[in-house]
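Note sheet for the following structure.
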Amino acid sequence: MIVMIRPDVSPEKIEHLIKWLRDKKLIVKEFHGQQQCVLGLIGNTKCIDKDMLKSLDIVESVADMPETFKASNRKMHPEDSILRLVSGNGPAIGGGNFALIAGPCSVESRSQLIGIAQEVKAAGANFLRGGAFKPRTSPYDFQGMGSEGIDLLLEARAETGLPIVTELMYLQNLDLFIEKGIDVIQIGARNTQNYDLLKELGRCTKAPILLKRGLAGTIKELLMSAEYIMANGNENVILCERGIRTYEQDYTRNTLDLSAVPVLKSLTHLPVIVDPSHSTGRSDLVPSMTLAAIAAGADGIIVEVHNDPANALCDGAQSLTPEAFAALSAKIDKLREALA
Ligand code: PEP
Ligand code: MN
């Protein structure tokens with residue numbers, strides 16, 4: 001349920017109403033906008049008399065919220081959320097703060113990672129990506145460097161100042177990620193509906209969680225997965241459209257659903273980013289799809305960059321060279337300027 005408070009009501013009166021609602025065992029989310037305060041009520045809202053609430057002199061209106069996603073719902077928080085890193089340093093994400101996340105699919109060695117990190121930083125990236133634990137379709141393929149890869153990411157962060165984004169695959173590694181201060185924890189498409197993992201990410205950290213859309217996940221399922229994290233205490237979720245399975249299999253790896261961007265932006269206040277690499281599987285399609293995603297309203301891009309794509313241990317075909325990334329980054333700047 002959404003309760004709009006009249007403008008110019010004193011904070012004491014709002015606090016009094018919030019306390020009364022919390023005493024009824026409701027979760028109350030407060031949004032304080034420039035003009036007005038909005039209270040979002042989650043829980044058994046049937047226990048309150050809507051007409052009585054409406055009749056209060058401080059209340060402007062009361063509306064039901066039929067959607068099953070609550071904490072992520074834009075009705076609760078009409079403005080875009082702006083997420084910050086746990087350290088408080090580094091770039092914010094959302095609400096006009098664009099995240100340009102670039103780096104290799106997998107961390108392969110110190111020289112590979114640090115070299116790419118320096119090049120993407122020089123080209124304008126503000127986050128470094130790199131997988132240390134890799135979900136591979138075949139158990140015979142390179143599975144990632146594991147915790148050694150995490151240490152290399154930390155070295156690359158120290159070297160360049162770029163905050164790091166890396167994938168957490170299983171619960172047992174969550175402590176390691178927290179202890180090492182991973183800036184943004186990625187949950188991959190294969191784990192989007194691993195609800196136990198999502199609950200723990202809600203309980204144990206406030207680090208932003210980059211949540212990818214499931215391989216065949218609907219938009220609502222993605223929002224419900226975000227809800228698992230938020231309902232358990234971590235409101236810092238970034239949604240990522242990374243392509244979905246359709247009947248196309250000859251020419252693109254997945255089908256990039258760009259319409260998900262404006263749909264999500266209208267439904268939720270969370271930042272929405274796009275992964276043009278996994279959604280297409282082809283480096284030649286990455287530039288055009290990146291620009292299209294930005295035109296569609298994406299708050300950021302996560303893109304794979306490799307110094308030697310032909311010999312990459314994972315996802316070389318979809319990886320840009322650092323030079324191609326620099327050219328794309330310049331176009332991104334121009335497009336964002338034109339759209340501003
Ligand atoms: C990745 O980012 O390298 C990755 C494995 O992504 P996804 O979960 O979208 O397949
Ligand atoms: Mn990859």
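The values are calculated or read from the model by the stated rules, or taken from the named source; none is laboratory data. Remember, it's a predicted structure, so these values are computed and weren't measured experimentally. Cβ coordinates were reconstructed from backbone atoms using ideal geometry, including for glycine residues, and neighbour counts include every protein chain displayed. With ligands, DNA and RNA removed, areas are computed over all heavy atoms of the protein, side chains included. Shrake-Rupley method; radii C 1.70, N 1.55, O 1.52, S 1.80 Å.
Give the ranking of 76, 169 by solvent-accessible surface, highest area first, calculated with a 1.4 Å probe.
Details: 76 5, 169 50 Å².
Descending accessible area places them as 169, 76.
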Those cysteines in the chain that have no second cysteine Cβ within a distance under 4.7 Å are 37, 47, 204, 240
With the dipole of the chain worked out from charges on the C-beta (+1 for Lys and Arg, -1 for Asp and Glu) around the Cα centre, which of 210, 306, 236 lies farthest toward the positive end?
236
What is the sum of charges, Lys and Arg at +1 and Asp and Glu at -1, for the other residues whose Cβ falls under 12 Å from the Cβ of residue 76?
-1
Over the alpha-carbon set of the chain, work out the extent along each principal axis and list the three values in angstrom, largest first.
68, 44, 41
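Count charges around residue 28 for me, please; just the other residues with Cβ under 12 Å from its Cβ, Lys/Arg as +1, Asp/Glu as -1. Mind showing how you got there, number by number?
Values: positive: 19, 22, 24, 25, 29, 70; negative: 15, 23, 30.
Net of charged neighbours comes to +3.
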Lys, Arg +1 and Asp, Glu -1 on Cβ, resulting dipole of the range 147-209 about Cα centre, debye, nearest 20
340
Net charge (Lys, Arg +1; Asp, Glu -1) of residues whose beta-carbon lies under 15 Å from that of residue 210, residue 210 excluded, is 0
Mind listing which trypsin sites (Lys or Arg not before Pro) in the range 249-340 are in a DSSP loop and have 16 or fewer other Cβ atoms within 10 Å?
282
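Do the sum for the chain: with -39,500 (n - 2.57) for every DSSP H run of n ≥ 4, divided by all residues, what is the mean residue ellipticity at 222 nm, to the nearest 500 deg cm²/dmol? Could you put the intermediate results ahead of the total?
On the way: 11 runs with 116 residues, N = 340.
My calculation for the chain gives -10000 deg cm²/dmol from helical runs alone.
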antiparallel share of DSSP beta bridges within the range 166-291, to nearest 5, in %, is 10
So what's the gap between the Cα centers of the range 246-300 and the range 171-197, to the nearest angstrom?
23
Alpha-carbon centroid distance for the pair the range 310-338 / the range 54-93, whole angstrom
34
Under the Karplus relation with 6.51, -1.76 and 1.60 and θ = phi - 60°, whole-Hz ³J(HN,Hα) for the range 91-108, x at Gly and Pro, equal x, 7, 10, x, x, x, 8, 7, 9, 10, 9, 9, x, x, 4, 10, 6, 10
Measure of size requested: the Rg and Dmax of the range 52-148, with Cα atoms as the atom set and Å as the unit; please supply both.
21.7, 67
With +1 on the Cβ of every Lys and Arg and -1 on the Cβ of every Asp and Glu, and nothing else charged, how large is the dipole of the range 111-227 about its Cα centre, in debye rounded to the nearest 20?
400
Cut-off under 17 Å on the C-alpha distance; same-chain residues fewer than 8 positions from residue 212 excluded. Which lysines are left, in chain and number order?
134, 199, 220, 265
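In debye to the nearest 20, how big a dipole does the chain give about its Cα centre with +1 on each Lys and Arg Cβ and -1 on each Asp and Glu Cβ?
720
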Using a 1.4 angstrom probe with every protein chain in place, what is the largest-first accessible-area order of 244, 82, 209?
82, 244, 209
From the residues 106, 89, 26, which one has its Cα farthest along the dipole of the range 1-117 in the positive direction, the dipole being from +1 and -1 charges on Cβ of Lys/Arg and Asp/Glu about the Cα centre?
106
What order do 10, 87 take when sorted by accessible area (1.4 Å probe), most exposed first?
87, 10
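Hey, what D do you get for the range 88-239 in µm²/s if you plug the Kirkwood alpha-carbon radius into Stokes-Einstein at 20 °C and 1.002 mPa s? Walk me through the numbers on the way to the answer.
Details: Rh = 15.7 Å.
Estimated via Stokes-Einstein, D reaches 137 µm²/s.
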With a 1.4 Å probe and all protein chains kept in place, how much accessible area does residue 121 have, in Å² rounded to the nearest 10?
100
